1. Rounded to a whole number, what % of the accessible area of the chain do carbon and sulfur atoms account for, probe 1.4 Å?
2. Could you state the number of Å between the C-alpha centres of segment 7-80 and segment 96-120?
3. Probe 1.4 Å, all protein chains in place: accessible area of Ile175 in Å², nearest 10?
4. Positive end of the charge dipole of segment 133-258 (Lys, Arg +1 and Asp, Glu -1 on Cβ, about the Cα centre): tell me which of Ile175, Ile221, Trp200 has its Cα farthest that way.
5. With everything on Cα atoms, drop me the angle between helix 160-170 and the longest principal axis of the chain, reported from 0 to 90° to the nearest 10.
6. For the chain, what number of Lys pairs, 8 or more residues apart or on separate chains, have alpha-carbon atoms under 24 Å from each other?
7. Quick one: what does P(r) look like for the chain with 10 Å bins over all Cα pairs, in whole %?
8. Choose one of Trp149, Gly21, Ala89: the residue whose Cα lies farthest towards the positive end of the charge dipole of the chain (beta-carbon charges +1 Lys, Arg; -1 Asp, Glu; about the Cα centre).
Amino acid sequence: MAAILLDVDGVFHVSGEPIAGGGDAVRRLRANGHRIRFVTNNTTKGRTALAEELRTMGIELDDEELQTTPRAAAHALAGRRVLALTMHAIVGELEGVELVGEDAEAVLIGGADETPESNLVFSYMNLARAFHELEAGAQLYSLHKNRWWQTKHGPLLDAGAFVAGLEYAADTEAIVLGKPSTTYFEAALTALDAEPSLTWMVGDDIEADVGGAQAHGMKTILVRTGKFRPDAVEVNRAKPDGIISSIAQLPDWLEEHL
């Protein structure tokens, strides 16, 4: 039996459209005795909403099995004054964080989504305000640093571009709270009481999922859905232990290779 970390976006759905076989795959993994945790860099919805969305797709899970980056931010930034450039839907997840518009101790950058709200969150004025706070001594945090994500309309620019711009302008380096950060993966391993060498990370992102997990001693499986690009696999230093067509093939692959 293994501990398995499952990415969400690009593995179980793309822009909310389910990828076939996800629900059956999760049921088979549980029936086979594997321990499961869902790990996502999604920063546009709270954990309860994300979990409910997955359940409507036929994926059985409890809210507590879903690990999100806003929850990681709430833990890391508890009690601090934070200027947060995030989607409104996750503000409620930042429990214990004092959200401010100035004199911040930290600047937190969330992810973009497919709605016009991204235009408001990542406006020039907001980014300039974030830069001002960084110049005044605030620390820069990001829920993730993804450069782009896959939608049903094709790839869209993600907030990693804004994080990189602020790093450049303020001559600083962001503390990344989601994948591929050490803290995020360690939290997932702790939740499953799992050893890295006995844990599998399943995802569609060769960098954050495969590269990040391998850097922490885990085994990896890449799915050919979501962000998967054959050329990225060829040129990236990270090489997955397995590549499967979709999440639907995961139980069979594990039965054959474990």
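1. Working: 5950 of 11760 Å².
That share works out to 51 percent.
2. 22 Å
3. Ile175 has an accessible surface of roughly 70 Å² with all protein chains in place.
4. Ile221
5. The angle comes out at about 40 degrees.
6. 16
7. Per 10 Å bin, starting at zero, the Cα-Cα P(r) for the chain comes out as 7, 32, 36, 19, 6, 0 percent.
8. Result: Gly21.
The values are calculated or read from the model by the stated rules, or taken from the named source; none is laboratory data. Owing to the predicted nature of the structure, the values given are computational and were not obtained by experimental measurement. Ideal geometry is used to build each Cβ from the backbone, glycine not excepted, and the neighbour counts take in all protein chains shown. Heavy atoms of the whole protein, side chains included, go into the accessibility calculation; ligands, DNA and RNA do not. Shrake-Rupley method; radii C 1.70, N 1.55, O 1.52, S 1.80 Å.
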